[in-house]
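Notes to accompany the following structure.
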Amino acid sequence: MSYRGLAVVLVATLTTQIVYADGLYYGGGVAFYQSESKGAPDSTLTSSDEYAAIGLTAGYRVDRPGMFFGAEADLDIAGSNDFTERGYECPNLVPSPYYCEHDATLRLRGVIGVPVGPLEGFASLGFAVMEGEAGSTPTSTDRGVNRGYTVGLGLQTEFGNGQVRLEMVYDELNHAVVNPGPGDPSFESISAKLSYLFN
């Protein structure tokens, strides 16, 4: 290998170490959700909606040879959404105490990743809670909170002074912490999230 080639490899390595350094990172982005809810885990009536959210992420990264790992707090604040079931939009008619609106989801998760060519691939696993409005009567809603688990897969790469990250996240939050009225709603979502992170 020529000296020029060695110089290019050295510069690339140093740049990668600077951008992907140990320590705190934070940033934000946008997420696009496809969510559904049932009045109870075994209910046959399902409400659903597709909508956008604003995302905030903060974490701590530790680098090791050939891999990295870390811990993150990840918050999505949902935009305008009104779940529907068979064309009925909440809260005009709520035949089952499913979720009518998703307000926010908070995730606490571990992250582990490896180089994938010029990118980094990563997986996440953790605990999540969501808050929203669910049917309490056929014509009204009440606040509900559900908890469960979250998993994700993604890719990230250096860009400017930070990283661009694209990930797919699945949340299964079927345990009600705060029941809306007499209901026991479930909540599941798949989201695509694009973020920019500073290190």
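The values are calculated or read from the model by the stated rules, or taken from the named source; none is laboratory data. Just so it is clear, the structure is predicted and the values come from calculations on it, not from any experiment. Methodologically, a virtual Cβ is constructed for each residue, glycine included, from the backbone with ideal geometry; neighbour enumeration extends over all protein chains shown. What goes into the accessible areas is simple: the full protein's heavy atoms, side chains included, and nothing from ligands, DNA or RNA. Shrake-Rupley method; radii C 1.70, N 1.55, O 1.52, S 1.80 Å.
Note that segment 176-188 has calculated 3J(HN,Hα) couplings of 6, 8, 10, 7, x, x, x, x, 9, x, 9, 8, 9 Hz, one per residue in order, obtained from phi through the Karplus relation 6.51 cos²θ - 1.76 cosθ + 1.60 (θ = phi - 60°); glycine and proline are x.
Accessible surface for segment 85-199, divided over its residues, is 45 Å² per residue with a 1.4 Å probe. How far is helix 3-19 tilted off the main Cα axis of the chain, in degrees rounded to 10, range 0 to 90? It is inclined by approximately 30 degrees. Each part reduced to its alpha carbon centroid, segment 22-97 and segment 158-199 end up 4 Å apart.
Which shape class, rounded, prolate or oblate, goes with segment 96-199 when its Cα gyration tensor gives a ≥ b ≥ c as root eigenvalues, a/c under 1.5 marks rounded, and past that a/b bigger than b/c marks prolate? The shape class here is prolate. In terms of the Cα gyration tensor, with a ≥ b ≥ c the square roots of its eigenvalues, is segment 63-150 rounded because a/c is under 1.5, prolate because a/b exceeds b/c, or oblate? It is prolate, given that a/c is not under 1.5 and a/b is the larger ratio. Rounded to the nearest whole Hz, the Karplus-based 3J(HN,Hα) values (6.51 cos²θ - 1.76 cosθ + 1.60, θ = phi - 60°) of segment 192-199 follow the sequence 9, 10, 10, 10, 10, 10, 9, 10, with x at glycine and proline. Packing here is the average count of other Cβ atoms within 10 Å per residue, and on that basis the peptides 180-188, 59-67, highest first, run 180-188, 59-67. If R0 is 25 Å, what FRET efficiency do you get for Leu125 and Val30 from their C-beta distance, rounded to 0.05? That gives a FRET efficiency of 0.65.
Listed values for segment 108-125 are Karplus-derived 3J(HN,Hα) couplings in whole Hz (6.51 cos²θ - 1.76 cosθ + 1.60, θ = phi - 60°), namely 10, 8, x, 10, 9, x, 9, x, 10, x, x, 10, 10, x, 8, 10, 10, 8, and x replaces Gly and Pro.
Counting protein heavy atoms only, the chain has 65 percent of its accessible area on carbon and sulfur, 1.4 angstrom probe.
If the chain linking Val177 and Leu108 were pulled fully straight, counting 0.36 nm for each residue of separation and taking away their Cα-Cα distance, it would gain 23.2 nm.
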